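Below is one structure, written out as structure tokens, with a few remarks after it.
Every read-out reported here was derived from the displayed coordinates using simple, explicitly stated rules and does not represent laboratory data. Only a predicted model underlies this, so the values are computations on that prediction, with no experimental measurement involved. In this analysis, Cβ positions are derived from the backbone assuming ideal geometry, glycine residues included, and neighbour counts consider all displayed protein chains.
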Amino acid sequence: MSNANGRISVVNFVSLDGVIQSPLAPDEDSDGGFAHGGWVPPYSDDTVNAFMQEATVSAAGMLLGRRSYEILATAWSGADESEPAVAAMNRMPKHVVSSKLREPSWQNTSVITGDLTSAVTGLMARTEGDLVVFGSGTLVRGLAEHDLVDDYRLLLFPLVLGAGKRMFDESGQLSRFSLADSVATSSGVVLLTYDRDR
């Protein structure tokens with residue numbers, strides 16, 4: 001399915017065994033019983049940080065699941081905007097796919113309910129540029145199932161976590177992507193960009 005204007009770009013930290021859970025802080029997903037939270041910071045060199053800053057600053061907006069939205073809102077809403085990525089996140093439109101979120105507290109946030117495919121395709125038709133998806137495993141699986149992802153920008157970390165929430169499950173459909181860019185960092189992280197073959 002092609003988006004006439006906007007694009008959906010999934011940007012995620014991923015372990016070698018596909019885990020995306022609790023990458024930044026040990027306690028950010030404490031209700032899930034995940035034992036290895038906070039696995040990204042030890043590997044975050046200048047190249048990793050620049051990759052994430054560019055993905056954030058260049059985005060037209062964010063498309064998020066409720067849980068990832070709440071984590072990001074807690075961390076960055078009202079934070080010091082001297083960092084370009086923080087200023088960009090506070091400024092840009094944020095669209096949250098949720099049946100539970102009623103009154104979002106983070107500025108410039110709207111809630112998406114109802115049919116995912118029609119809601120997202122409508123949103124993309126009104127968007128110029130990339131809507132980035134951070135984390136949001138359930139949302140990513142739903143987008144992939146309906147072939148709505150235009151590119152994956154994955155930061156592949158050199159560790160196996162053994163358990164945790166993964167970006168993909170057994171649902172979805174066959175979708176082919178081409179490797180657009182790859183960079184190996186000094187810390188062993190590989191930055192991979194895959195574009196959808198359409």
Among Thr117, Ala87, Val149, the residue whose Cα sits farthest towards the positive end of the charge dipole of the stretch 7-155, when +1 is placed on the Cβ of each Lys and Arg and -1 on the Cβ of each Asp and Glu, is Thr117
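Starting with the highest mean, order 176-187, 18-29, 91-102, 61-72 by the number of other Cβ atoms within 10 Å, averaged over the residues of each peptide. List each step's numbers first, then the result.
Details: 176-187: 12.2, 18-29: 18.8, 91-102: 16.5, 61-72: 22.2.
Packing proxy ranking, top to bottom: 61-72, 18-29, 91-102, 176-187.
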Residues with beta-carbon under 11 Å from that of Lys165, excluding Lys165: net charge, scoring Lys, Arg +1 and Asp, Glu -1? +1
Please order Tyr43, Tyr152 by the number of other Cβ within 10 Å, starting at the fewest. Tyr43, Tyr152
Spin-label proximity, Asp17 to the stretch 154-177 - amide N less than 20 Å from point 7 Å beyond Cα toward beta carbon: 155-171
Descending Cα extents along the principal axes, the stretch 69-198, whole Å: 38, 37, 33
Estimate the FRET efficiency between Phe177 and Asp80 by the formula 1/(1 + (r/R0)^6), using the beta-carbon distance for r and 30 Å for R0, to the nearest 0.05. 0.25
